[in-house]
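**Student:** Encoded as structure tokens, here's the structure I'll be asking about.
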Amino acid sequence: MPKAPAAPPAPAEPASYEAALEELEQLVGRIESGQLPLDEMLAGYQRAARLLAFCRARLEAVQDQIKVLDEGALQPWTQE
């Protein structure tokens, strides 16, 4: 019986929020171009979904830290 092709390794987690956001923007541009084959488009979409989840989690973690610093209450952001 033939062996099933091995699944490609999962891409590494981004080093930072900024790196994830940059990769996400590049992926969206490639997907929106309409020039990718269907398989690559699907893989790009899946990677973009993981990057988006990573970014959301990082933002929520920062928001939680801000709540702690502000004694549990979100304060309006003001630039001085």
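The values are calculated or read from the model by the stated rules, or taken from the named source; none is laboratory data. Computed from a prediction, not measured in an experiment: that's the story for all the values here. In this analysis, Cβ positions are derived from the backbone assuming ideal geometry, glycine residues included, and neighbour counts consider all displayed protein chains.
**Student:** Are any residues in the range 58-80 at pLDDT 70 or above and either among the charged types (D, E, K, R) or in contact with a Cys (Cβ under 7 Å, 6 or more places away or on another chain) (or both), and if so, which ones?
**Tutor:** Matches in the range 58-80: R58, E60, D64, K67, D70, E71.
**Student:** What's the total number of residues in the range 10-47 that are part of a helix (DSSP H, G or I), in contact (Cβ under 8 Å) with a residue 24 or more places away in the chain and within 21 Å of V62 (Cα to Cα)?
**Tutor:** 5
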